Amino acid sequence: MISVQDQKFIISCIEKLISQCLEECDFDPKVKEPGHTYGEKVEEYLANKLVEIYPDKFSMPKKEKGKGKQTRKMEDLIWKYTNNLINIKLGYEKGNGQPNMVSFNRLYKNYCSDLIDSYWIFIIDVLGKQKDSLTTKTYFFNLYDYLDYVNYNYGTGQVMLKENQFFDSYDSNKYFTNTKKDIVLKLKKIDEESFVSHMKLKKEQHHQRQEIFNAYI
């Protein structure tokens, strides 16, 4: 777990570098879907910069032999003091979407097997219509504390953040008291509800196809 004091330090480190990263990556708010266009580039640049400036505090994800390039893992950074994973997410004028956070398999397996005790997301929301007048809002949180604001797509296997609900409820000063059992129960419920919803959809789609087939018989 990352302490409150360390969370504040990480936020300050990233916020000091955001403007430089956007400038170096030539972030242009006028392109189509700037968050998608520049997301990976800015996230990678920022992670590399943090490791370069604070090598005793941050490190890059370790690659495992025989598993390909592994350019996009569960984390962009590792907080070295406690080996906690940090995933950086860049967006543009966020608020009503459902961006991908992580695969559900990674989220529950790593937690239930005690490989991680938390999973940290750092959202950078870029605001503004001109390059020279951009501003940003930042959000740093443990995703397991905000499971009430995620949507799990059983088909794709991805966990997405319900931005509208999350931004309304986010409180950087809130102290969470969730136990591991609390979190596992929430993960279990999310999995069950997503499975039921997915099967209902598949049955409906199957029924519609069968009706079309029967019309030609």
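Here, each number is a calculation from the coordinates, and none is a lab measurement. The structure presented is a predicted model; accordingly, all values stated were derived computationally and were not measured. Neighbour counts are summed over all protein chains in view; Cβ atoms, including those assigned to glycine, are modelled from backbone coordinates with ideal geometry.
Data for the structure
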read-out: Subset of region 1-25 (residues that are of a type in the set (D, E) and in contact with a helix residue (DSSP H, G or I) (Cβ under 8 Å, 6 or more places away or on another chain)); value: E24
read-out: Lone qualifier among L147, L127, L161, L107 - being closer than 20 Å to E15 by Cβ and either within 11 Å of the chain's Cα centre (by Cα) or among the aliphatic types (A, V, I, L, M) (or both); value: L127
read-out: Filter result (among the aromatic types (F, W, Y) and buried (at least 17 other Cβ atoms within 10 Å of the Cβ)) within region 142-175; value: Y144, Y146, Y149, Y152, Y154, F166, F167
read-out: Cβ-Cβ under 7 Å pairs, at least 6 apart or on other chains, region 7-31 side touching a residue at least 60 places away in the same chain (Cβ under 8 Å), far side among the β-branched types (V, I, T) and part of a helix (DSSP H, G or I); value: L22/V42; F27/V42
read-out: For E211: the one exception among (1) among the acidic types (D, E); (2) more than 30 Å from E15 (Cβ to Cβ); (3) within 20 Å of the chain's Cα centre (by Cα); value: (3)
read-out: Filter result for K89 (within 20 Å of V31 (Cβ to Cβ) and buried (at least 19 other Cβ atoms within 10 Å of the Cβ)); value: yes
read-out: Cβ pairs under 9 Å, 6+ apart, first in region 185-205 and surrounded by 12 or more Cβ atoms within 10 Å (Cβ to Cβ), second among the β-branched types (V, I, T); value: I190/V150; I190/V159
